[in-house]
Each structure stands twice: as structure tokens, then as C-alpha cells.
Amino acid sequence: MKVLVTGGAGFIGSNFIHYWLDNHSNDHLINFDKLTYAGNPENLEDVTSNPNYEFIKGDIAQSADIKEALEGVDIVVNFAAESHVDRSILDPAPFILTNVVGTQVLLDAAIQAKVKRFHHVSTDEVFGALELNSDKKFNEETNYNPRSPYAASKAASDHLVRAYFTTYQLPITITNCSNNFGPYQYPEKLISLAITNLLENKKVPVYGDGLYVRDWLYVEDHCAAIDSVITKGKIGETYCIGIDNDISNIQAIKKILEILEMKEDKIEYVKDRPGHDRRYAIDATKIKKELGWKPKFDFETALGKTVTWYKENKNWWQKLRNKNFENYYQKQYILRNET
Ligand code: NAD
Ligand code: TYD
């Protein structure tokens, strides 16, 4: 099989490429990535000499780039996206260009290339927010109710993917997953930011009361879930992925402090995110029952592995905390708190 992964130089995409090359050693895999601030070729340094791996620099929103790359491809796995909610609040435009227009351009090219499977990687954020202390969870039947520019752009992309199945019979599948953490996560999301700030002896900024809840899943479990959907999932279907484990931001940060043997004075409460979604929770019964997937890693074990990875790979993330990152940090954390 020839597999084209978009956004493979990012966090989940690069973990997925490692996973796929390890588990499907006869496949040829093309990584098609624009290399934005979040795309990092170093995530894949160890596979560049693998003859089954190929990298193409390109933009999913540019049809000439993607058409050429799709020649002879059997399976597309679409990770390419602008992925950070806070950046979408500061500047929504790139989110519409890549997540909405890019997905449409990619879908058109996939039809022309007659691909056998188009798998779209999406998020639970399309469903909106749940209340604290309720038993409610998102599942495949939950209505869409996106509340940030990021979530709205991903919701639009999911709708397009489904529309191309209904209208053009493009053989699609979609997964909506909860928050991921693990190696190679750019240090802007809660867990990667907290670990890297603490390793630099800085404080961890906690938005609002810190009692926002996420269903944190280790990235390797997400990759295995996508594999099971691509290899066993039913065409046209959506699968929700999560670990069924409500964790508040403050609990997650306290766990990291405990692992690093640091004190709680490293927590700094800052101005809340506008439109902050209170709680996400996933009911993953469908993928478990129909495809036999289940998570391998519990939160604490996976968090320990992740902290160890960041401790052992300072070179990887210290380079990323450069001038561009500092500009973003200023805008997001320093200037915003002064207004
Ligand atoms: P990321 O920001 O780490 O990586 C995104 C990658 O896409 C980067 O390599 C970037 O260079 C590339 N890219 C961006 N625009 C592009 C374009 N126009 N053309 C080609 N490549 C482009 O993101 P991530 O956290 O790895 O997320 C990957 C996917 O998974 C996204 O679609 C995201 O919505 C989804 N998702 C993420 C999470 C999470 O917790 N991170 C959870 C559920 C779903
Ligand atoms: P994030 O990792 O940005 O993922 P998402 O917004 O997609 O869920 O944020 C996870 C939670 O952590 C969310 O409730 C926002 C909160 N958060 C902070 O409190 N401080 C931070 O510096 C960041 C980045 C997030």
C-alpha cells in the first residue's frame, strides 16, 4: 500500500508515522507537510534513511502540490491542521485556510486520484462543552456545537469530509479524539508547556480557576486507534476516541509537579481563555466494541513516560522555544494579562 500522511511533521502525525512504519513494514509512506511553526523534520530524523519513507514539503491548500503527491496513493490520513485554540483566538485566518479550504482541496485531489480510503483526523472539540460534575459524554451521535475558531474550523472540515462521502462516494472515515499528550508535542499545549516551563524553572500558567476538565489520551493509543479504523473501520463512519478519565487541569499540573519533585508555588493563575470549554469527555464504546481497540496506557504511567522524554530530549524542545515562540508567549501570556 502507498500511504500519504498530511501534517506528518507535527506532534501526532510524527508519532503516527513511527507507529505505521513499525507496524506496516511493507507499506510506502509519504509525509506531506508545509512545515509551519509546528512542523519539525527532527521528529522523523530516525526514519529518513528508511527506504519506505519519503518527505514532500507542500501545502494541502495548494492543489498543484497535493495532486502530484497523490499519484498512485491508496490511503490518505489527514492530520494537517492549525491545531492550537489560543492561536485561533489570536488569529483565526490560518485556521480557515488550512483546516477548511485545505481539507476541501485535499478532498478534491483524493477523488481525482481515486484513493481507496480517506481518513480524517478530528477532535472532540467540535461537540462543544459539557458541564462539570455531569455524567454526560460525547459520542458519535452528539450534535456539533463548536465554540472556538479552531473547533469551528475542524467542525467545518468534518462536515466537508462527510459531504464528499454522500455526494461523491469518496471512501472516508473520521475519528474525533480527546486531548493527546506525549513525545514531540510542540511546547504550547497544556502538558508540554507545563513540563518545559518547569524544566526551565518557570511557572505554569493556569487559566481561570483551573477546574477545566479534559480526557487526556497518550498519543500512542491515539495512533493505534487510527490504525484500527483505517484497517477495520466501516467506510462512511465516525469513531470517537478517548480514555474515559476526567482530569482537571490543576490535577494534571499537580501530577507533573509531583513527578518532578517540585512545589505548588510553581502554579500561576492567569486570565481565563475567552469562551473556555468547561469539560470534554468521550464515550469510546463504538470503537471498543466494533473494532476491538482499547487504550494501553493509564494517565499516570503515560505522564511519567512523557516527563522522562522531555527531560531526556532538552535539545529537541529548547530549540523550539526560540524568538518566534517568545513573541507568541508575550502575546498570549504577558500582554493579555496586562489588559
Ligand atoms: P500539530 O500542530 O502538532 O501539527 C500540525 C502539522 O500540520 C504540522 O506538522 C504542520 O506543519 C502541518 N501543517 C499545517 N498546515 C499545513 C498545510 N496547510 N499543509 C500541510 N501541512 C500543514 O498538530 P497535532 O496536535 O499533531 O494535531 C494533528 C491533528 O490531530 C490535527 O488535525 C488536530 O486537529 C487533530 N487532533 C489533535 C489533538 C491534540 O490533542 N493535539 C486531539 C485530537 C485531534
Ligand atoms: P490545550 O492543551 O490548549 O488544549 P485544548 O484547549 O485543545 O483542550 O489546553 C488544555 C486545557 O488547559 C484547557 O482547559 C486550557 C488549559 N490551559 C491552561 O490552563 N494554561 C495554558 O497555558 C494552556 C496552554 C492551556
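The values are calculated or read from the model by the stated rules, or taken from the named source; none is laboratory data. These figures come from a predicted structure and were not determined experimentally. Cβ sites come from the backbone with ideal geometry, for glycine too, and all protein chains shown count toward neighbours. Side chains are part of the model used for accessible areas, which takes the heavy atoms of the whole protein and leaves out ligands, DNA and RNA. Shrake-Rupley method; radii C 1.70, N 1.55, O 1.52, S 1.80 Å.
Amide hydrogen proximity for Tyr239: with H placed 1.01 Å from N in the peptide plane, the residues at 5 or more positions away or on another chain lying under 5 Å are Ile174, Thr175, Asn176.
Pairs of alpha carbons in the chain separated by more than 28 Å make up 39% of all such pairs. In this simple spin-label approximation, Val101 and Asn143 carry label points 7 Å from Cα along the Cα→Cβ vector, and these lie 3.1 nm apart.
For region 64-192, what is the convex hull volume of its Cα atoms per residue in Å³?
130 Å³
Listed highest first by mean packing, meaning other Cβ atoms within 10 Å per residue, what order do 330-337, 222-229 come in?
On the way: 330-337: 13.8, 222-229: 22.4.
Order by mean packing, descending: 222-229, 330-337.
Straight-line cross-link reach from Lys254 at under 18 Å between alpha-carbon atoms covers these lysines, not counting any fewer than eight positions away in the same chain: Lys189, Lys202, Lys203, Lys263, Lys266, Lys305, Lys311.
Could you put Arg147, Arg279 in order of accessible surface area, largest first, with the 1.4 Å probe and the full protein assembly present? Before the final figure, lay out each step's value.
Details: Arg147 115, Arg279 5 Å².
Highest to lowest solvent-accessible surface, that is Arg147, Arg279.
Applying the Kirkwood pairwise sum to the alpha-carbon positions of region 183-339 produces a hydrodynamic radius of 17.2 angstrom. Using the Cβ of Phe95 as centre and a radius below 10 Å, the other residues enclosed give a net charge of 0, where K and R count +1 and D and E count -1. Taking a quarter of the surface of the Cα convex hull of region 215-307 gives a mean projected area of 7.5 nm². Only beta bridges with both residues in the chain are counted; by DSSP, about 10 percent of them are antiparallel. Look at where the Cα atoms of region 241-256 and of region 130-183 average out, and the two centres are 21 Å apart. Between Asp272 and Asn23, the modelled labels are 3.9 nm apart [label points 7 Å from Cα along Cα→Cβ]. Each Cα pair of region 138-254 feeds into the Kirkwood radius, which the Stokes-Einstein equation turns, at 25 °C and 0.890 mPa s, into a diffusion coefficient of 150 µm²/s. Grab the other residues whose beta carbon is less than 9 angstrom from that of Trp20, score K and R as +1, D and E as -1, and report the net. Around Trp20, the surrounding residues sum to -3.
Label separation (Asp209 vs Tyr168): 4.7 nm, computed from points 7 Å beyond Cα along the C-beta direction. A straight Cα-to-Cα reach below 25 Å connects Lys286 with the lysines Lys116, Lys136, Lys137, Lys154, Lys232, Lys234, Lys294, Lys296, residues fewer than 8 places away in its own chain not being considered.
Per-residue Karplus couplings for region 185-196, computed as 6.51 cos²θ - 1.76 cosθ + 1.60 with θ equal to phi - 60°, are listed in order as 8, 3, x, 10, 8, 3, 6, 5, 5, 4, 4, 5 Hz, Gly and Pro entered as x. Using only the Cα atoms of region 1-153, each taken as one equal point scatterer with no solvent, compute I(q) by the Debye sum, divide by I(0), and report log10 of the ratio at q = 0.10, 0.11, 0.19 Å⁻¹. Evaluating at q = 0.10, 0.11, 0.19 Å⁻¹ gives log10 I(q)/I(0) of -0.38, -0.46, -1.16. The translational diffusion coefficient of region 168-226, from Stokes-Einstein at 37 °C and 0.692 mPa s with a Kirkwood hydrodynamic radius over alpha carbon pairs, comes to 238 µm²/s.
Computed over the Cα atoms of region 217-257, what is the ratio Rg over Rh, Rh following Kirkwood?
Working: Rg = 14.2 Å, Rh = 12.3 Å.
So for region 217-257, dividing Rg by the Kirkwood Rh gives 1.16.
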